[in-house]
Amino acid sequence: MTSEHEALGRIRPGVAAWGAQSADDVVDDLFRAHAVSLVRVATLLLGDQPSAEDVVQEVFLRLSWSLPRIRDPGKAVPYLRTSVINGCRSVLRARRRAALRGVEHQPPVWSAESAALDREDRRAVLAAVARLPRRAREVLALRYYLDLPDQEIAAILGVSRGTVSSTASRALGALSRSLKEEP
């Protein structure tokens, strides 16, 4: 006769790694702790908050489905970060395909609250970041919005640590030049 714990582990592998918390509670806790920073990163990569929120929501939904397969609780946050980056890449690919068909992406109009909080210098920086290549935007977002070390950024993006360092250096130089050129 098997114990309830053993049976639960067989039905949903990895559940024992999360302790007594249900999968919904784990996802709720992770959402409360990380959703805002992930939306910020996605907003920087996509250029609009509603699309960023959609990507992050989809990532947390997928996490709730795949949580039983994640045996190490320490891997949940890296899974979320990597998934957000990949989700942003998918949105950008879809936008490029739409642009080739002549359908232009129009970001939503900022709300009155957002417009009041948004300053001209912030818009200039976001516009300059948007002109950077995709990998440069990703590196800067992970480094400066999530404050991740280069080694972790390299793991998320699937590149070497040296590539992360050189990409960040070139991106910061390009941003500096771009912002000096603007009036």
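The values are calculated or read from the model by the stated rules, or taken from the named source; none is laboratory data. Note that the coordinates shown come from a computational prediction; the quantities given were computed from them, not determined experimentally. Positions of Cβ are backbone-derived with ideal geometry, glycine not excepted, and every protein chain shown enters the neighbour counts.
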Return only the number of the condition from (1) at pLDDT 90 or above; (2) not in a helix (DSSP H, G or I) that Thr167 does not satisfy. (2)
Any hit, segment 56-68, residues being touching a residue at least 12 places away in the same chain (Cβ under 8 Å), under 18 Å from the mean Cα position of the chain (by Cα) and closer than 24 Å to Arg123 by Cβ: yes
Quick check, is Ala171 over 26 Å from Ala33 (Cα atoms) and buried (at least 19 other Cβ atoms within 10 Å of the Cβ)? yes
Name the pairs: first residue in segment 15-37 and aliphatic (A, V, I, L, M), second residue at pLDDT below 75, Cβ to Cβ under 7 Å, at least 6 apart or on different chains? Val15/Leu8; Val15/Gly9; Ala16/His5; Ala16/Gly9; Val26/Trp18
For the subset of segment 30-58 comprising residues that are modelled with pLDDT of 90 or more and of a type in the set (D, E, K, R), which member is farthest from Tyr145 (Cα to Cα)? Glu58
Taking segment 144-164 as the search range and keeping residues that are modelled with pLDDT under 90 and not in a loop (DSSP other than H, G, I, E, B), which one is nearest to the chain's Cα centre (by Cα)? Tyr145
Which of the residues belonging to segment 63-93 are outside any helix (DSSP H, G or I) and surrounded by 15 or more Cβ atoms within 10 Å (Cβ to Cβ)? Ile70
